[in-house]
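Report on one structure; see the data block that follows.
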Amino acid sequence: AGDLETLRELWPCAKRQMELAEAQFENDVIRDSDVLGWCVVDWDLNLNKQASAQGLYLYALKAAIRIAGILKEETDESLLEELFERRRAAALKYFYDPASGLFESGAKRQRSAASQIWMVLGGVKEGKEAAELLSLIEQDNVVQPVTPYLMHYRIEALTSCGEYEQALSLIKEYWGGMVKEGADTFWELYDPASPSVSPYGGTIVNSYCHAWSCAPAYFLRKYFMHDSAGDE
């Protein structure tokens, strides 16, 4: 919106968030945790979130660097850029398995869609390498997403590396799948392999029209709808 006054007012808060995150790192790798809800990634109690958390942090750090640049906070920008490069390198060294081509998470080296998605959005893999990484998500040994929340970011990851056709197909398949199941609002949890599963013990309360219901409308308008002049 170009509202620099509000951005400048909120910058100390954003900067403080990055400072608070420092307590969670050891040798530039975020510590794992078994505390329920320590990092919101997906509604799957078996999902290890360490690698996702590192990617989430890098995603936020990229935003902080952009804000510092807009506000011409040159010292902050330089320090944050240095931190990003260190922790991006640590993510690649600690979590990436060259043999499988996948990022692995936690002591048991779990492979999940969440880890791949957030490593792409965090900038650890980009361009063609990111597209190749995301193409491996459907493997049988990879923990799959179960919420529109994570699927939203899977779509964002695909669009970030130019995979628009795959992104559109996934929107139709996933959100369209809920429509085919009779949904009148999109659900908070939707596992195509088990459509009746709900975090609340019953599908009747599986949706209070969460924000991620709007993901298809957002992506369709941003990437797939054109005006009369033919522009995006």
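In this entry, Ala53 passes the filter for residues that are of a type outside the set (S, T, N, Q) and surrounded by 13 or more Cβ atoms within 10 Å (Cβ to Cβ).
Each residue in the stretch 51-71 was checked for being within 19 Å of the chain's Cα centre (by Cα) and over 15 Å from Val120 (Cα atoms), and 3 pass.
Taking (1) over 30 Å from Ser194 (Cα atoms); (2) in contact with a strand residue (DSSP E or B) (Cβ under 9 Å, 6 or more places away or on another chain); (3) open to solvent by less than 60 Å² (accessible area, probe 1.4 Å) in turn, Arg31 satisfies each apart from (3). Sub-7 Å Cβ pairs linking a first residue in the stretch 182-201 that is polar (S, T, N, Q) to a second residue that is open to solvent by 40 Å² or more (accessible area, probe 1.4 Å), at least 6 apart or interchain, are Thr185/Cys209; Ser196/Thr203, ordered by first then second residue. Of all residues in the stretch 109-145, those being over 22 Å from Asp191 (Cβ atoms) and not in a helix (DSSP H, G or I) number 6.
For the criterion of being open to solvent by 80 Å² or more (accessible area, probe 1.4 Å), over 22 Å from the mean Cα position of the chain (by Cα) and over 30 Å from Pro145 (Cα atoms), Glu82 passes. Looking across Arg109, Arg154, one residue alone is among the charged types (D, E, K, R), surrounded by 14 or more Cβ atoms within 10 Å (Cβ to Cβ) and more than 14 Å from the chain's Cα centre (by Cα). It is Arg109.
The values are calculated or read from the model by the stated rules, or taken from the named source; none is laboratory data. Every value quoted in this text rests on a predicted model; they were computed, and no experiment measured them. Ideal geometry is used to build each Cβ from the backbone, glycine not excepted, and the neighbour counts take in all protein chains shown. Surface areas here come from the heavy atoms of the whole protein model, side chains and all, with no ligands, DNA or RNA. Shrake-Rupley method; radii C 1.70, N 1.55, O 1.52, S 1.80 Å.
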